[in-house]
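Chemist: There's a structure below that I have some questions on.
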Amino acid sequence: GESVGLHLPTLSVQEGDNSIINCAYSNSASDYFIWYKQESGKGPQFIIDIRSNMDKRQGQRVTVLLNKTVKHLSLQIAATQPGDSAVYFCAELNNAGNMLTFGGGTRLMVKP
Amino acid sequence: SQTIHQWPATLVQPVGSPLSLECTVEGTSNPNLYWYRQAAGRGLQLLFYSVGIGQISSEVPQNLSASRPQDRQFILSSKKLLLSDSGFYLCAWSPKGLAGGVEFFGPGTRLTVL
């Protein structure tokens with residue numbers, strides 16, 4: 001991705017607060033988006049996904065919002081816990097449906 | 001259920017030495033396979049992807065190569081490592097067709113070139 005060479009931005013939140021991680025995507029024709037969580041030293045793990053025919057999808061303590069007008073995706077984590085500390089990546093599926101383009105990532109740090 | 005394995009988990013190699021990292025997937029057939037590299041504290045860089053045996057697409061020109069000798073085996077190689085090859089190498093797979101989209105990542109290999 002284009003942000004591969006940049007250091008990760010960091011979001012620091014207090015335990016128990018809500019977290020909002022934002023992502024801008026580039027392809028207005030993308031119809032599938034994913035959020036991944038990557039803990040230190042591990043591979044990214046799927047958290048939640050959303051298709052372009054929706055603007056909101058909820059999981060357990062997580063909500064993804066999609067604003068197609070401004071090509072913006074956000075991940076909301078309710079009642080953030082220390083175990084939520086990780087790097088979070090958004091990804092959009094290409095038109096051929098066989099490859100993801102990843103955002104640069106955001107590091108979430110949860111303060112006890 | 002599907003699982004993805006990578007080995008070795010960590011590797012320290014001298015500059016100029018060869019490299020071979022292996023990735024295997026279990027519990028699925030005919031997956032798309034991907035190699036990514038991640039520098040410390042940075043994002044994911046797609047290196048190679050494969051839609052089938054012997055079919056490799058390179059995303060970034062470099063001294064690395066990939067091969068897919070079997071349906072569920074993906075190998076990343078180099079003849080001569082550079083210092084800049086250090087990083088965290090991740091293999092991923094995704095199903096094809098309507099189930100496609102999500103990529104499932106392996107545990108990664110941390111490579112240090114000295």
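The values are calculated or read from the model by the stated rules, or taken from the named source; none is laboratory data. All values derive from a computational prediction rather than experimental measurement. Every residue, glycine among them, receives a Cβ derived from its backbone with ideal geometry; neighbour counts consider all protein chains shown. Note: accessible area is taken over every heavy atom of the protein model, side chains too, but ligands, DNA and RNA are not part of it. Shrake-Rupley method; radii C 1.70, N 1.55, O 1.52, S 1.80 Å.
Chemist: Looking at A:60, A:76, A:45, which one is of a type in the set (S, T, N, Q), more than 12 Å from chain B (Cβ to nearest Cβ) and touching a strand residue (DSSP E or B) at 6+ places or on another chain (Cβ under 6 Å)?
Modeler: A:76
Chemist: Right, next: What strands (runs of 3 or more DSSP E) lie completely within the stretch B:26-81 and have 1 or more residues being at pLDDT 95 or above, open to solvent by less than 20 Å² (accessible area, probe 1.4 Å) and on the phi < 0 side of the Ramachandran plot?
Modeler: Numbers: elements: B:32-38, B:45-52, B:55-58, B:64-70, B:73-78.
Passing ranges, in order: B:32-38, B:45-52, B:64-70, B:73-78.
Chemist: Criterion first (farther than 28 Å from residue A:88 by Cβ, open to solvent by less than 40 Å² (accessible area, probe 1.4 Å) and in contact with a helix residue (DSSP H, G or I) (Cβ under 8 Å, 6 or more places away or on another chain)) does residue B:19 satisfy it? Before you say what the answer is, go through the steps one by one.
Modeler: Working: farther than 28 Å from residue A:88 by Cβ: yes; open to solvent by less than 40 Å² (accessible area, probe 1.4 Å): yes; in contact with a helix residue (DSSP H, G or I) (Cβ under 8 Å, 6 or more places away or on another chain): yes.
Yes: the conditions hold for residue B:19.
Chemist: Return the residues of the stretch A:87-102 that are open to solvent by 10 Å² or more (accessible area, probe 1.4 Å) and either polar (S, T, N, Q) or under 12 Å from residue A:27 (Cβ atoms) (or both); say none if nothing qualifies.
Modeler: A:92, A:93, A:94, A:95, A:96, A:98, A:99, A:101
Chemist: Within the group A:87, A:62, which residue is under 27 Å from residue B:42 (Cβ atoms), at pLDDT 95 or above and under 10 Å from the mean Cα position of the chain (by Cα)?
Modeler: Working: A:62 fails: under 10 Å from the mean Cα position of the chain (by Cα).
Answer to the selection: A:87.
Chemist: When you scan the stretch A:41-56, do you find a residue that is under 28 Å from residue B:4 (Cβ atoms), buried (at least 18 other Cβ atoms within 10 Å of the Cβ) and of a type in the set (S, T, N, Q), even just one?
Modeler: No, because not a single residue in the stretch A:41-56 is under 28 Å from residue B:4 (Cβ atoms), buried (at least 18 other Cβ atoms within 10 Å of the Cβ) and of a type in the set (S, T, N, Q).
Chemist: Let me confirm something: among B:94, B:84, which residue is surrounded by fewer than 21 Cβ atoms within 10 Å (Cβ to Cβ), within 13 Å of chain A (Cβ to nearest Cβ) and of a type outside the set (Lys, Arg)? Spell out the reasoning first.
Modeler: Values: B:94 fails: surrounded by fewer than 21 Cβ atoms within 10 Å (Cβ to Cβ).
Result of the check over B:94, B:84: B:84.
Chemist: All but one of (1) assigned to a loop (DSSP other than H, G, I, E, B); (2) surrounded by 14 or more Cβ atoms within 10 Å (Cβ to Cβ); (3) in contact with a Lys or Arg (Cβ under 7 Å, 6 or more places away or on another chain) hold for residue B:101; which doesn't?
Modeler: Of the numbered conditions (1) assigned to a loop (DSSP other than H, G, I, E, B); (2) surrounded by 14 or more Cβ atoms within 10 Å (Cβ to Cβ); (3) in contact with a Lys or Arg (Cβ under 7 Å, 6 or more places away or on another chain), the odd one out for residue B:101 is (3).
Chemist: From the list A:50, A:77, which residue is among the β-branched types (Val, Ile, Thr) and in contact with a helix residue (DSSP H, G or I) (Cβ under 7 Å, 6 or more places away or on another chain)? Walk me through it before giving the result.
Modeler: On the way: A:50 fails: in contact with a helix residue (DSSP H, G or I) (Cβ under 7 Å, 6 or more places away or on another chain).
From the options A:50, A:77, the qualifying one is A:77.
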